[in-house]
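The values are calculated or read from the model by the stated rules, or taken from the named source; none is laboratory data. Note that this is a predicted model, so its numbers are computed, not measured. No Cβ is skipped: glycine too gets one built from the backbone with ideal geometry, and neighbour counts run over all protein chains shown.
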Amino acid sequence: MHAPRVIAVVGAGLMGHGIAQAFAEAGWVVRVTDADPAVRDTVHARIARNLEEAGGSPPDVLARVDVAATLADTVGDADLVIESVFEDVGLKQSLLVELAGLAPAGAILASNTSVIPISRLGERLVEEDRGRLLGTHWWNPPHLMPLVEVVRTADTRQDVVEAVVALLRDVGKEPVVVHKDVTGFIGNRLNQAMWREALALIDAGVCDAATIDTVVKSSFGLRLPVLGPMENADLIGLDLTRSLHALLFPDLDRSTAPSPVLDAAIARGATGMKAGAGLRRWTGAEAEAVRRRLDAHLRRLNAER
Ligand SMILES: NC(=O)c1ccc[n+]([C@@H]2O[C@H](COP(=O)([O-])OP(=O)(O)OC[C@H]3O[C@@H](n4cnc5c(N)ncnc54)[C@H](O)[C@@H]3O)[C@@H](O)[C@H]2O)c1
């Protein structure tokens, strides 16, 4: 399989425009589309803003981002098609069938789903097309987060996995292969396991949401960029790790449903920064400051990598 040269991104929202930017910044031609014309119209402006904040040069990069109005114009000459539309199983399933018909027969098909097993999204594809389907799970913001989880199904061809891993390395990303198509892949399973416990602690009255953030940001969060949890287990010793688990695991939250803390907040309209309140109150300026603080932090860390 030859190296993908033309990249198509379908769905240009929060993730899609950043994925397009990552390829364009690395010199690839990217064709982008979105079902919503208002989203298509702002793709260049949103990428330009990201680049300006990073002190980059928008004209070069933007010239490589081609915004198209139709799916056919977006994927017709693509080597790799990444769908990044709403997290909706039926929508993604039917879109993938359409993309398989419109893209060249040799093009690789990828989904940016956060948690849905890729084989489920490929259920309506013919066997040959299931062989060229995999997951590329990018992290937000995609132009700044190095990791991309490359999720293979039982049907994904080995040469397809290898071509995508090589491409992602070429664009400066850090791909990892997820060898079993489990719900949530690796990163979201780890991340959401912590969120479940955090919400359970709030629900039990142990602490409030702000305290959770202080604990994480001022303790193990500081170590994480240089010491992964498995390295940490070896550092403290697996015998001590085992003793901690024997004492602690029986007491950890094992809910299989979303937290009642979320249900209560959502019921009163507190859905997060977009609503001005979530687990705490947010002004528009405070929410924007969080985004800028995160981007600046990631740019600093990336410069050191
Ligand atoms: N937001 C995150 O942090 C994050 C992280 C990793 C992965 N993801 C995944 O990425 C995908 C996109 O998420 P997002 O946060 O960018 O959502 P978003 O709502 O910002 O963007 C989705 C876009 O898809 C477009 N769309 C919907 N149906 C379409 C169609 N048929 N054809 C073309 N465009 C269509 C919408 O108009 C919208 O602009 C989801 O699968 C999500 O789970 C999100």
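Summary of values
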{"item": "Scan of segment 174-186 for residues that are crowded, with 16+ Cβ neighbours inside 10 Å and of a type outside the set (A, V, I, L, M), ordered by number", "result": "Pro175, Asp181, Gly184, Phe185"}
{"item": "Segment 52-96 - residue that is more than 11 Å from Val10 (Cα to Cα) and among the polar types (S, T, N, Q) and, of those, surrounded by the most Cβ atoms within 10 Å (Cβ to Cβ)", "result": "Gln93"}
{"item": "Matching residues in segment 86-127 - criterion: being out of contact with any Asp or Glu (no Cβ under 8 Å at 6 or more places or on another chain), of a type in the set (Val, Ile, Thr) and assigned to a loop (DSSP other than H, G, I, E, B)", "result": "Val126"}
{"item": "Test result for Leu262, closer than 20 Å to Ile212 by Cβ and touching a residue at least 24 places away in the same chain (Cβ under 8 Å)", "result": "yes"}
{"item": "Top-ranked residue in segment 1-44 [being within 15 Å of the ligand (Cβ to nearest atom) and acidic (Asp, Glu); ranked as farthest from Gln93 (Cα to Cα)]", "result": "Asp41"}
{"item": "Residue match in segment 237-247 (condition: in the same structural domain as Thr214 (by TED's automatic domain parsing) and in a loop (DSSP other than H, G, I, E, B))", "result": "yes"}
{"item": "Hits in segment 177-207 - residues which are among the β-branched types (Val, Ile, Thr) and more than 23 Å from Arg120 (Cβ to Cβ)", "result": "Ile202, Val206"}
{"item": "Whichever residue in segment 67-85 is farther than 16 Å from Asp36 by Cα and part of a strand (DSSP E or B) and, among such residues, is nearest to the chain's Cα centre (by Cα)", "result": "Ile82"}
{"item": "Qualifying helices (runs of 4 or more DSSP H) (wholly inside segment 163-225; at least 3 residues being in contact with a Pro (Cβ under 9 Å, 6 or more places away or on another chain) and at pLDDT 95 or above)", "result": "187-203"}
{"item": "Residues being under 10 Å from Asn112 (Cα atoms) and surrounded by fewer than 24 Cβ atoms within 10 Å (Cβ to Cβ) - total across segment 4-18", "result": "1"}
{"item": "Hey, Asp88 more than 10 Å from the ligand (Cβ to nearest atom) and free of Cβ contacts under 8 Å to residues at least 60 places away in the same chain or not", "result": "no"}
{"item": "Qualifying residues in segment 91-128 (those that are of a type in the set (D, E, K, R) and within 14 Å of the ligand (Cβ to nearest atom)) - the one nearest to Phe185 (Cα to Cα)", "result": "Arg120"}
{"item": "Residue count, segment 127-150 (criterion: in contact (Cβ under 8 Å) with a residue 12 or more places away in the chain and over 12 Å from the mean Cα position of the chain (by Cα))", "result": "7"}
